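S.K.: Structure incoming, see below.
Coordinate-derived values only; no laboratory data. Not measured: the values here are computed from a predicted model. Virtual Cβ from ideal backbone geometry, glycine too; neighbours counted across all protein chains shown.
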Amino acid sequence: MRLRDTLQPFARTFFSPWFQLGCEAAFVTASEVFLKLGAAETAVHGSMGEWLGISALASLWVWAGIACLVLSFVCWIYVLKHLPLSVAFPLTNVVHVTIPISSWIFLGEAITARRWMGIVVVVAGLALVAKPVATLDEKL
């Protein structure tokens with residue numbers, strides 16, 4: 001068996017626009033957590049650098065967040081090349097679920113009952129949007 005044949009299933013999955021859409025959402029979520037960590041680490045109260053956010057550039061967390069934003073952009077461009085915007089964009093709202101949950105897990109931020117209800121509503125909305133998309137994908 002050749003290496004090409006072995007890697008073909010991996011490549012098919014990796015270059016799937018649906019996989020790339022998931023990567024885009026994961027990179028956006030990671031970037032927000034990293035940027036929050038970097039901003040908190042470099043806060044110098046009352047300085048012009050704090051107001052402009054320039055002082056945060058001294059943090060490796062901020063640079064990790066910027067790198068994740070660039071990677072999310074690359075994934076997003078790939079998704080837009082292969083999926084209609086009217087399909088892809090509503091599904092990116094998954095970040096309204098992943099960011100609060102990641103903030104809760106990694107940053108120790110509280111999620112109120114009202115926010116949990118909002119997360120449930122977003123998940124229900126995503127399910128409503130994704131069902132016709134899944135049906136469309138099966139037809140293709």
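S.K.: R0 = 35 Å: FRET efficiency of Gln8 with Ile54, Cβ-based, nearest 0.05?
M.R.: Working: r = 47 Å, r/R0 = 1.34.
FRET efficiency, Gln8 to Ile54: 0.15.
S.K.: Sticking with this structure for a sec: Hey, with R₀ at 25 Å, roughly what FRET efficiency would Trp63 and Ala40 work out to, going by the Cβ-Cβ distance, to 0.05?
M.R.: Working: r = 15 Å, r/R0 = 0.60.
Computed FRET efficiency for Trp63 and Ala40 comes out at 0.95.
S.K.: Suppose each label sits 7 Å from its Cα in the direction of the beta carbon; what would the Leu85-Phe15 distance come out to in nanometres?
M.R.: Taking the simple label geometry, Leu85 and Phe15 are separated by 2.6 nm.
S.K.: Could you give the spread of the C-alpha atoms of the range 85-128 along their three principal axes, from largest to smallest, in whole angstroms?
M.R.: So the extents along the principal axes, rounded to whole Å, are 34, 18, 10.
S.K.: Separate question: Sequence-distant or interchain residues sharing an amide H contact under 5 Å with Ser16, placed H: which?
M.R.: For Ser16, no residues qualify.
S.K.: Work out, step by step, the length gained on full extension between Phe73 and Ile101: first 0.36 nm times the residue separation, then minus their alpha carbon distance; give nm to one decimal.
M.R.: Numbers: separation 28, 0.36 × 28 = 10.08 nm, distance 2.21 nm.
Length difference between fully extended and current span is 7.9 nm.
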